[in-house]
1. If I filter the range 220-235 for residues that are part of a loop (DSSP other than H, G, I, E, B) and closer than 30 Å to V86 by Cα, do I get at least one hit?
2. Can you tell me which residue is most open to solvent (accessible area, probe 1.4 Å) among those in the range 118-149 that are without any contact (Cβ under 8 Å) to a residue 24 or more places away in the chain and touching a strand residue (DSSP E or B) at 6+ places or on another chain (Cβ under 6 Å)?
3. Restricting the search to the range 97-151, which residues are β-branched (V, I, T) and either part of a helix (DSSP H, G or I) or closer than 21 Å to I52 by Cα (or both)?
4. May I ask you to list pairs of residues, at least six apart or on different chains, whose Cβ atoms are under 8 Å apart, with the first in the range 175-189 being part of a loop (DSSP other than H, G, I, E, B) and the second being open to solvent by 20 Å² or more (accessible area, probe 1.4 Å) and of a type in the set (D, E, K, R)?
5. Considering only residues of the range 75-96 that are open to solvent by 60 Å² or more (accessible area, probe 1.4 Å) and assigned to a strand (DSSP E or B), which is nearest to E166 (Cα to Cα)?
6. When only residues in the range 190-209 that are in a loop (DSSP other than H, G, I, E, B) and among the acidic types (D, E) count, which is surrounded by the most Cβ atoms within 10 Å (Cβ to Cβ)?
7. Answer yes or no as to whether K261 is within 30 Å of F128 (Cβ to Cβ) and at pLDDT below 95.
8. Taking the condition of being open to solvent by 30 Å² or more (accessible area, probe 1.4 Å) and either touching a His at 6+ places or on another chain (Cβ under 6 Å) or within 18 Å of S180 (Cα to Cα) (or both), how many residues in the range 210-253 meet it?
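The values are calculated or read from the model by the stated rules, or taken from the named source; none is laboratory data. Model, not experiment: these values are computed from the prediction. Methodologically, a virtual Cβ is constructed for each residue, glycine included, from the backbone with ideal geometry; neighbour enumeration extends over all protein chains shown. We work out accessible area using only protein heavy atoms, side chains counted, and drop any ligands, DNA or RNA first. Shrake-Rupley method; radii C 1.70, N 1.55, O 1.52, S 1.80 Å.
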Amino acid sequence: MNPGLTLTTLLLLWSCSRILSLQEDLGPEGDPSEGLDVLDVSTRILLANQGIDNLEEGDMLPSYTRTAKKCWRNRCLWPKTSDGLVKVPYIISDTYNANDKAKIKGAMNVFHTKTCIRFTPRNDEQDFLSIEDKYGCWSKVGKYGYRQVLSLSVNYCLYSGVIQHELNHALGFYHEQNRSDRDQYVRINWENIQSDAAYNFKKRDTDNLGTPYDYSSLMHYSRMSYATHYSKETITPIPDPSVQIGQKYKLSDTDILRINKLYHCSE
């Protein structure tokens, strides 16, 4: 089956049945309108990024040297200032209108209220995020230095959960289902994965920061990601297959805990 058709069909078939449950998941910080046209963060991102060949796990620019969780002398983490805050300078392209920019800043504010991360407008900092309306939703993982592009397409990506997902990549986090101990918590159904997408499911040698596996993580794939057919699961929770995954539209409590642990926010 054509990959684009698979994902599009999945989107259409799930939309009606998932609207009510998704709106419940949003909570007071979500955008109630999101449940009307969005399944889950990972499905929307994969739809947006169809045809982009140089991405890992669907939305990450490749890193050939390290991960932010295991990088030499923390050089791939955004630095903490003397006031105990981690300031991430950014610019937002003027191709976005005022409403678009407000959505991006609103998603940033979730980090501000729950962690020591502060996304701050760039002055003259050498290292900064450049948020641009490129094709698709994607980011590098961790701080790379200089002008670091984070793509948020107006047509697909300007939803609070998607924006938070890509910002979390920029802070240094990978997808939950690829962490080193995932086989204790999910079963990867290799036979149901599109043959040219199997590499996206390989485990990473991650430092899990002493935190539990989080089915509700904003960074978790949905059940049908890269499926050969809309009725076939690529990821099944174990031992309880009924556990929900891929349904969140904001950072989970464990996502927030990990940010605070990685950046030593309590110190």
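1. Yes, the range 220-235 contains a residue that is part of a loop (DSSP other than H, G, I, E, B) and closer than 30 Å to V86 by Cα.
2. Top of the filtered list is R147.
3. I104, V110, T113, I131, V141, V149
4. Taking only residues 6 or more apart or on different chains, the pairs are R179/K203; R179/R204; S180/K203; S180/R204; S180/D205; N189/K232; N189/E233.
5. K87
6. Only one residue fits best here, namely D207.
7. No, not satisfied.
8. The qualifying residues number 6.
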